[in-house]
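Scroll down for the structure; my scribbles are underneath it.
No lab work stands behind these numbers, since they all come straight from the coordinates. These numbers were taken from a predicted model, which means no experiment stands behind them. Counting neighbours? That spans all protein chains shown, and the Cβs are built from the backbone with ideal geometry, glycine included.
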Amino acid sequence: MKTNQTSKLKIIPLGGLEQIGMNITAFEYEDSIVVVDCGLAFPDDDMLGIDLVIPDITYLKQNIDKVKGFVITHGHEDHIGALPYVLREINVPIYATKLTVGLIEHKLEEHDMLRTTRRKVIKFGQSINLGCFRIEFIKTNHSIQDAAALAIYSPAGIVVHTGDFKVDYTPVFGDAIDLQRFAEIGKKGVLALMCDSTNAEREGFTKSERTVGHTFDMIFSEHTNQRLIIATFASNVDRVQQIIYTAYKYGRKVVVEGRSMVNIISTASELGYLNIPEHTLIDINEMKNYPDEKMVLVTTGSQGESMAALSRMAADIHKKVTIKPGDLIVFSSHPIPGNEKAVSNVINELCEKGADVIFQDVHVSGHACQEEIKLIYSLVKPKYAIPVHGEYRHLKAQAKLAAELGIPKENIFIMKTGDVLSLDSESAKVTGKVETGGIMVDGLGVGDVGNIVLRDRQHLSEDGIIIVVLTLDRHSGMLLAGPDIVSRGFVYVRESEDLMDEARVAAEDALDDCLDRHITDWGKLKTSVKDALSAFVWKRTQRRPMILPIIMEA
């Protein structure tokens, strides 16, 4: 879609609205486009076999000459995960803070793209010029270090994008959020505020990350003769830092387990975002040299993911760690909506093995609650409010807060992915829509699995498949062999021989009928066999397996 060029700022979310994940937004002014974030989403339950979902960037490809760069707010998967896939098609420079660049580089290395991608580390307070935009990085707090809010200066006005944030006056590492800078920019006059909505339904303030440290201290002091296994998000470096400090204080050794956890911890400690006292961290193979009560395992799998380290331990398929009676397992996270059942299953498996499990009060969110959102609004004083990062109900909750703070209803925009919001100091309205959506990644295939393939997978998973094989004479069209019937996932053949024999007869009758009428077109033959079998199977079993007739010539 081409929109007519009037000099307004266009804000185009290409992903990340009405969902948690896949954050990517284009800011366009005349011949410049700057893209903020480039994240992935994890597949829904009905996306059978899909590994991850990345945003559709058709609009950026159509306007590739305008795209000046990617500006990344922080290093979580839902903000950086799609970069290796998107950069193949849109190779422009990446701008981000130090730890974020470190994590992105790790990804690019895995995809063998380090040499071909330009990246620049930006410090807080620093600005970069991209086309007719100037972008300033502002320090915020989040559940990963080096998170930034962005002040995007355009000829049409300033847009403040908070990124994912919370207000933490006592962060574990580094400084508190730079509220003063938000206020200074607010004084200049801000056109629009795009603010994190994840916790917009929750009242009050989000607790400081340090409160989790106190909880860990209590757990360590009360369970001195048990092995501790703590599951948390791989990306929550501050959480891991607190576990390491507490372990050191109580004379325990720490093992880090889970590929993503090991990657992030090594990147963070190399860049100086993680302080590990000497001889505290040991390799998983050295664990056998220490008694259980001197060990802490920090692991992935707090969301019940089937292949994560903790789930493998619970299912007894982990090569190095076996859960023993008396182990204490701590879940230092909340289940992400939709994962509750998986988490509950893992907890049950752990309890069956005799382990104790703690999952209350060992987590604080990385996102702002209502009072912090109000604080940012009152410092920035935007003309327009554009809630971002959240499902529809979260965006709605923030819109309500903005209205309570005196922003007129007509200046609050709950956008949908793909909407083009054109705005300047006079007016703002949605003026169009661009092509967006999720592109599914399955193994090495990007976008080669679409809705039709998923529908087939769904069909196969629900009713199975029947394959009918028959051989026809090339010249006379007579039936030489078959029809033979093979089935998978439909019925257990050995106990259903009668059913299979009758199915074979039904297929044969349909075939004879066609041949009697001198029908030799393979398409028609296949269709009539398929229809006859389908009707027979439905009548006998009330199931609709996928039916594949295969005809061979001899």
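Quick notes
- Extension reserve of the Ser425-Ser221 stretch, reckoned as 0.36 nm per residue once the Cα distance is removed: 67.7 nm
- Our coupling estimate for region 104-119, obtained by passing each phi through the Karplus curve with A = 6.51, B = -1.76, C = 1.60 and θ = phi - 60°, is 5, 4, 4, 5, 4, 4, 4, 9, 6, 10, 4, 5, 9, 10, 8, 9 Hz, Gly and Pro reported as x.
- Karplus (6.51, -1.76, 1.60) ³J(HN,Hα), θ = phi - 60°, over region 86-92, in Hz, Gly and Pro reported as x: 6, 5, 4, 9, 10, 8, 10
- For Arg202, the residues whose modelled amide H falls within less than 5 Å of its own, excluding neighbours fewer than 5 places apart on the same chain, are Gln370.
- Förster radius 35 Å - calculated FRET efficiency between Ile64 and Ser260 (Cβ-Cβ, nearest 0.05): 0.65
- Annotation note: GluC sites (Glu not before Pro) in region 78-126 located in DSSP loop regions with a Cβ neighbour count of at most 12 within 10 Å are Glu89.
- The chain: angle of helix 522-541 to the longest principal axis, Cα-based, in degrees nearest 10: 80
- Using a cut-off of 28 Å between Cα atoms, the listed pairs Lys120/Lys429; Lys120/Lys433; Lys139/Lys188; Lys107/Lys396 include Lys120/Lys429; Lys120/Lys433; Lys107/Lys396 as exceeding that distance.
- Aspartates and glutamates with Cα under 19 Å of Lys539, excluding same-chain neighbours fewer than 8 positions away: Glu462, Asp463, Glu495, Glu497, Asp498, Asp501, Glu502, Glu508, Asp509, Asp531
- Estimated inter-spin distance, His518 and His475, nm [label 7 Å along Cα→Cβ]: 1.8
- Spin-label zone in region 40-68 - amide nitrogen under 13 Å from a point set 7 Å from the Cα of Glu435 along the C-beta vector: 56-63
- Restraint check, Lys253/Lys319; Lys207/Lys294; Lys166/Lys249; Lys187/Lys416; Lys8/Lys374, Cα-Cα greater than 24 Å: Lys207/Lys294; Lys166/Lys249; Lys187/Lys416; Lys8/Lys374
- Amide proton proximity set for Ile33, modelled H, under 5 Å, gap of 5+: Val67, Lys68
- Karplus 3J(HN,Hα) series, Hz, for region 355-368 with 6.51 cos²θ - 1.76 cosθ + 1.60 (x for Gly, Pro): 7, 8, 10, 10, 9, 9, 6, 10, 7, 10, 6, x, 10, 6
- Percentage relative contact order, the chain, counting C-alpha pairs under 8 Å, at least six apart: 16
- For region 342-384, applying the loop criterion from DSSP together with a ceiling of 12 other beta carbons within 10 Å to the trypsin sites (Lys or Arg not before Pro) yields no site.
- Shown is the FRET efficiency for Asp175 and Asp31, computed with R0 = 45 Å from the Cβ-Cβ distance and rounded to the nearest 0.05: 0.75.
- Approximate spin-label separation Gln126-His214, in nm, with each point projected 7 Å along Cα-to-Cβ: 3.7
- Remark on Met546: its backbone amide H falls under 5 Å from those of Gly464, Ile465, Ile466, a criterion applied only to residues 5 or more positions apart or on other chains, H modelled at 1.01 Å from N.
- Degrees separating the helix 392-404 axis from the principal Cα axis of the chain, which is the longest one: 30
- Principal-axis tilt of helix 370-380 within the chain, Cα atoms, nearest 10 degrees: 60
- Each helix, a run of at least 4 DSSP H residues, gives -39500 (n - 2.57); summed and divided by the residues of the chain, these come to -9500 deg cm²/dmol at 222 nm.
- FRET E, pair Ile284, Lys188, Förster distance 56 Å, beta-carbon r, rounded to 0.05: 0.60
- The structure-derived value of volume of the Cα convex hull per residue in Å³ appears in the list (1) 206; (2) 374; (3) 181 under the label (1).
- Fewest-first sequence of His223, His475, His394 by Cβ atoms within 10 Å of each Cβ: His475, His223, His394
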